[in-house]
Amino acid sequence: MTSSPARAFGMRTILILVFAFLYIPIAVLVALSFNKGGLPTAWSGFSLKWYASLAGNSAILSAALNTLIVALVSTAIATLLGTLLAIGVEMRRQYGKGLEALIFAPMIIPDIVLAIALLSFFSMLNLTMGLHTIILAHVVFNLAFVCSVVRARLKSFDWSIVEASADLGASAITTFRRVTLPVILPAVVAGALLAFTLSVDEFIIAFFTAGAGRASTTLPMQIYAMIRFGITPEINALATIVMAVSITALTLSQRLNPGITGQ
Amino acid sequence: MAPALVWLTALMVVPCALVLALAFFRRGIYGGIEYTFTLENFGLVFDPLYAGIFLNSARIAGTAALIAVVIGYAAAYAIAAAPRRLQPVFLFFAVLPFWSNYLIRTYAWIVLLNREGLITQLLRWFGYTGEQPSMLYTEGAVIAGLVYNYLPFVILACYAPLSRLNPELAEASRDLGASALTTFRRVILPLTVPGIAAGAVFVFVLSIGNFVTPALLGGGRFQMIGNLVYDQFLTANDWPFGAALAMALIAIMLLVLMAQALAADRASGRAAEAKGDADG
């Protein structure tokens, strides 16, 4: 592409405007979490008191604990199932259309549809809903994401080394542990980190499958309830912490497996 | 792979089939479900009241998709024109907000748009002393929230074809006497239609089924299909009608995806033609 000064200036202006649009709302939110005053908008000095008040808020702490349980358990199950699924599909190289649709569907199906489907399903089974039903639901989309990350890695995998390992007398388990796993491990960990983040942030499906009562409220559900009530600097502080956690997990995931964020 | 397939079947395929079946039953008198076959839930979807909400949702989602594509395409174009080594960095930071919590990104707009928010304060700083503009709980706020939330994906979708574009094509077009605008319109744009279509469809589909953004930024005043489904399941307790609405949502989504596949097909045909012209 040709580069005239006017064109370069134009391109730079577009980049500045777009990044301002993307980051100013977040920056304002984070800055106001350190605001001394109770007013959520006017700056009146630096303070960490809203972070301190979070630490004393039992509703938020129990929601955070619930979120951690849901995210850890659903990530563990999804990583195991998603990795095995990826290996199964790629090793046989039989890409049936129905199979592809089944694996792809959880990633494109609107959250609200999966949410009401699971709500109907669980209530028809007369299942008492709680953290366990949220976990069952989160595994559905998490395993699809883990599977797609691991599959991308396996596309360039040379399956003849698996055969070679078997020919040399290694058992299937030894072959997996010593040959396949080391190759795909970065993708598996990256997929797990992605699944963890998705689960921590997921709101709609958790909201519909949590059942009644506060006992199974997750952090996003707690945040939603607080936002509906109004703006408080406490929400800003909580939002800042949640964002820091997801962004750290995603950055780690990206480093382990470049390309996960779509590059 | 069997356990994963069982999991997906039991907790996605079966529940979705159940919702489809539910849509053909009748609502019981006390809010339960009466197991008699009926089509009236689908008839109700076309009732002027609900059809109006569908059209309204489609208009809001369409506006959001259009704005997101214009901004996202410009951003992707600028990123693709940046030095090669900077492109992955720009792309990473363009996508990063997308991976943070959706509720939080929406809340950030409440902080900006409320009566005492940054935008009002900026207006005052510039000397505006009139009536406080109410920006929150408007259709504009809903659209801004949707564009903001889904923009990163559009940037990503448009960047892919733009970065693969052969610079010689644009050069050839200019050498043959085409203006910059003609080159863009006749060479670059047609070759990048698949990215634009993918981005637009993504924003449209996710927006039309959204219930969080209309609830938070629209203050409940702007019902979209997502809110309607939410209401049937959690407040009105008319699950069969809610199920029919969800099926209508899926039908719209599939139609849009099919249109996108068609557009991409035609674009690749045209791209092959353009490439043939350029090569010949």
Hits in the stretch A:90-118 (condition: over 20 Å from the mean Cα position of the chain (by Cα), surrounded by fewer than 16 Cβ atoms within 10 Å (Cβ to Cβ) and within 21 Å of B:L18 (Cβ to Cβ)): A:G98, A:A101
B:Y35 vs. criteria touching a Lys or Arg at 6+ places or on another chain (Cβ under 9 Å) and free of Cβ contacts under 8 Å to residues at least 12 places away in the same chain: yes
Residue match in the stretch A:238-246 (condition: farther than 22 Å from A:H138 by Cβ and either modelled with pLDDT of 95 or more or not acidic (D, E) (or both)): yes
Matching entry among B:I104, B:I110 (being in contact (Cβ under 8 Å) with a residue 24 or more places away in the chain and at the interface with another protein chain (Cβ under 7 Å from one of its Cβ atoms)): B:I110
Filter result (assigned to a loop (DSSP other than H, G, I, E, B) and more than 7 Å from chain B (Cβ to nearest Cβ)) within the stretch A:226-241: A:G230, A:T232
Options A:I69, A:I87: the member that is in contact (Cβ under 8 Å) with a residue 24 or more places away in the chain, surrounded by 15 or more Cβ atoms within 10 Å (Cβ to Cβ) and within 13 Å of chain B (Cβ to nearest Cβ): A:I87
Test: residue in the stretch A:56-66 that is closer than 30 Å to B:L8 by Cβ and more than 14 Å from chain B (Cβ to nearest Cβ): yes
Every pair of residues 6+ apart whose Cβ atoms lie under 8 Å, when the first sits in the stretch A:119-139 and is surrounded by fewer than 16 Cβ atoms within 10 Å (Cβ to Cβ) while the second is assigned to a helix (DSSP H, G or I): A:M124/B:L18; A:L127/A:T133
Pick from the stretch A:153-208, criterion of a type in the set (D, E, K, R), free of Cβ contacts under 8 Å to residues at least 40 places away in the same chain and assigned to a helix (DSSP H, G or I), ranking: farthest from the other protein chains (Cβ to nearest Cβ): A:D167
Residues satisfying the stated conditions in the stretch B:212-229, i.e. farther than 21 Å from B:V111 by Cβ and assigned to a loop (DSSP other than H, G, I, E, B): B:Q223, B:M224
Qualifying residue in the stretch B:64-78 (condition: under 19 Å from A:P258 (Cβ atoms), within 7 Å of chain A (Cβ to nearest Cβ) and either crowded, with 21+ Cβ neighbours inside 10 Å or modelled with pLDDT under 95 (or both)): no
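For (1) over 30 Å from A:S33 (Cα atoms); (2) surrounded by 22 or more Cβ atoms within 10 Å (Cβ to Cβ), each residue gets a yes or a no:
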{"residue": "B:P48", "(1), (2)": "yes, no"}
{"residue": "B:I53", "(1), (2)": "yes, no"}
{"residue": "B:P83", "(1), (2)": "yes, no"}
{"residue": "B:P88", "(1), (2)": "yes, no"}
{"residue": "B:F92", "(1), (2)": "no, no"}
{"residue": "B:T106", "(1), (2)": "no, yes"}
{"residue": "B:E116", "(1), (2)": "no, no"}
{"residue": "B:Q121", "(1), (2)": "no, no"}
Top-ranked residue in the stretch A:191-235 [being over 15 Å from A:T67 (Cα atoms) and in contact with a Pro (Cβ under 7 Å, 6 or more places away or on another chain); ranked as surrounded by the fewest Cβ atoms within 10 Å (Cβ to Cβ)]: A:T232
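The values are calculated or read from the model by the stated rules, or taken from the named source; none is laboratory data. All of these numbers come straight from a predicted model, not from anything done at the bench. No Cβ is skipped: glycine too gets one built from the backbone with ideal geometry, and neighbour counts run over all protein chains shown.
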